[in-house]
Amino acid sequence: MNKKRDYSVYLVTDRPLCAGRDLLQIIEEAVAGGATIVQIREKDATAREFYELACAAKDLLDRLGIPLIINDRVDVALAVDADGVHVGQKDLPYAEVRKMVGPHKIVGLSVDTMEQALSVPDLEVVLGDGGFGPDYLGVGPIFPTNTKKDTSEEWGLENLASLRAQTHQRLVGIGGVNLSNARDVIRSGADGIAVVSAICAAESPKKATEELLAEVMLGRGLE
Ligand code: TZP
Ligand code: MG
């Protein structure tokens, strides 16, 4: 089921980048600045820590009316009744994840290459809004990034634009996206930008998010 979600500025968390600051505080500030969706992605957390963080984030984001996505862990997403889960090519296969979470939760899928992206069934086209394809594709890394070490080659803006021309999937550009290039990512066809360091490591996560959202709007030709 392809819900019309707003992926404009998609915050993906990483506590090691928060300079000792409280993650929930950073999330709250980012939402105050206009973040439209939040993913908890904490690679170093134990299952229990991840669960507890996800519970706290769910409480906060429910109050703020913003969807919570859980990275990798379908079990944690179900346990905290998150709005969705995001998986990559090395996680459980998309079809299994969809079976587990059902048609109503958001499922995002990372695609590292054009071949992967084009092999994802674009079922919305065939089945309308009741299709069972992913809700969005995380396309990345678009640019070089220090945040994720095991990335494949960068997509670059041209390949992103080429993918846009070949699919109806909702596309979220991730990897090295910041104030200097966010507008270009949107102009190249992304429906939103996903950022880690540009918000988590910013001196003011609220201001950083406001500025990123303004760039997204400019990229869409809106001000
Ligand atoms: N997936 C592809 S690149 C990336 C992820 C999680 C990290 C993006 O981090 P940043 O700091 O926004 O470049
Ligand atoms: Mg993963």
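At 0.36 nm per residue, minus the direct Cα-Cα distance, what do M114 and K149 gain on full extension? Give it in nm, one decimal, please.
Details: separation 35, 0.36 × 35 = 12.60 nm, distance 1.99 nm.
Going from the current span to full extension adds 10.6 nm.
Quick one: which of 170-176, 115-121 comes out on top by average Cβ neighbours within 10 Å, and what's the full order, highest first?
170-176, 115-121
Which residue, Q169, Q39, Q25, has the most motion in a Gaussian network model of the chain that connects Cα atoms within less than 10 Å?
Q25
Over 19 Å between C-alpha atoms is what I'm after, so list which of K58/K90; K99/K148; K43/K90; K99/K149; K43/K99; K43/K148 land there. It would help to have the intermediate numbers written out before the result.
On the way: K58/K90 25 Å; K99/K148 28 Å; K43/K90 14 Å; K99/K149 30 Å; K43/K99 24 Å; K43/K148 10 Å.
With Cα atoms farther than 19 Å apart: K58/K90; K99/K148; K99/K149; K43/K99.
Expected output is a single nm value to one decimal: the length gained when fully extending between E210 and Q89, i.e. 0.36 nm times separation in residues minus the C-alpha distance. What is it? Walk me through the intermediate numbers first.
Values: separation 121, 0.36 × 121 = 43.56 nm, distance 3.14 nm.
Gain on extension, E210 to Q89, equals 40.4 nm.
Can you compute the FRET efficiency between A47 and F132 using 1/(1 + (r/R0)^6), with r the Cβ-Cβ distance and R0 = 25 Å? Round to the nearest 0.05. Please report the intermediate quantities before stating the final value.
On the way: r = 28 Å, r/R0 = 1.11.
Efficiency at R0 = 25 Å is approximately 0.35.
Can you tell me which of 190-197, 29-36 comes out highest on packing, and rank the rest after it, using the mean Cβ neighbours within 10 Å?
Details: 190-197: 25.0, 29-36: 21.0.
In decreasing order of mean packing, 190-197, 29-36 become 190-197, 29-36.
Laboratory data are not the source of any read-out in this text; all were calculated from the coordinates shown. Keep in mind that what you see is a predicted model, and the values were worked out from it rather than measured. With ideal geometry, Cβ positions are generated from the backbone for all residues, glycine too; neighbour counts draw on all protein chains shown.
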